[in-house]
Amino acid sequence: MAISSDTWAIVAATGLGPILAVLITLWRTEISSKYNRRLYVFRTLMATRKVGISPEHVNAINLIEVDYYGCRKVEVAWSEYKDHLNDNSKPEDEPWREKKERLLAKLLFEIAAVLG
């Protein structure tokens, strides 16, 4: 007794259908989770951009390295901002603060570009 190709197609669809549905659901959940994490970082930085140093701002800055890994422009802007914050050779005067705000704006712009 030979099994027709139609029967094999039904058997394959019955076995592979649920497996593929679960894999697609996991893939979509991962994409949604990644987008939500990135959006959280962006929203936190936007909300705290005028606050000197807040725990939320610092946490969001630290999450950039993880959540935006592979986004080259964001990584460069983040590095420039972080280097400026850690530069102890200059006093925190008005030009220093202006540069800090300009670098943060550049970082936020690059993050917004990634988010679309």
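The values are calculated or read from the model by the stated rules, or taken from the named source; none is laboratory data. Note that the structure is predicted; figures quoted are calculated from it, not measured. Every residue, glycine among them, receives a Cβ derived from its backbone with ideal geometry; neighbour counts consider all protein chains shown. Each accessible area value is taken on the protein alone, full model and side chains, heavy atoms only, with ligands, DNA and RNA left out. Shrake-Rupley method; radii C 1.70, N 1.55, O 1.52, S 1.80 Å.
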Here the membrane-span-like helices of the chain, with no claim about any membrane, defined by DSSP H, Cα axial extent at least 24 Å and mean Kyte-Doolittle at least 0.0, are 5-47
Counting only protein chains, not ligands or nucleic acids, how are VAL58, VAL66, VAL22 ordered by accessible area (probe 1.4 Å), most first?
VAL66, VAL22, VAL58
Using protein chains only and a probe of 1.4 angstrom, how many square angstrom of GLU65 are accessible, to the nearest 10?
110
Largest fluctuation, TYR69, TYR81, TYR35 only, Gaussian network model of the chain with Cα springs under 10 angstrom, belongs to TYR69
When the chain is treated as a GNM, springs tying every alpha-carbon pair under 10 Å, which of LEU39, LEU26, LEU16 comes out with the largest mean-square fluctuation?
LEU16
Cα-centre dipole for the chain with unit charges at Cβ (Lys and Arg positive, Asp and Glu negative), debye to 20:
220
Helix-only mean residue ellipticity at 222 nm for the chain, each DSSP H run of n ≥ 4 adding -39500 (n - 2.57), per residue, nearest 500
-28000 deg cm²/dmol
Can you bin the range 37-100 into rounded, prolate or oblate? Criterion: square roots of the alpha carbon gyration tensor eigenvalues sorted a ≥ b ≥ c, rounded for a/c under 1.5, prolate for a/b above b/c, oblate for the rest.
oblate
Structure-derived P(r) over Cα pairs in 10 Å bins from 0, in percent: which label, when the choices are (1) 15, 46, 33, 6, 0; (2) 11, 36, 37, 15, 1; (3) 12, 33, 19, 11, 9, 8, 5, 2, 0
(3)
Using DSSP to define loop residues, name the trypsin sites (Lys or Arg not before Pro) in the range 48-102 whose beta-carbon has at most 14 other beta-carbon atoms within 10 Å.
ARG49, LYS50
Taking a ≥ b ≥ c as the square roots of the eigenvalues of the Cα gyration tensor, with a/c under 1.5 meaning rounded and otherwise prolate when a/b exceeds b/c and oblate if not, the range 1-59 is prolate
Calculated FRET efficiency for the pair ILE24/GLU92, C-beta based, R₀ 41 Å, to 0.05
0.20
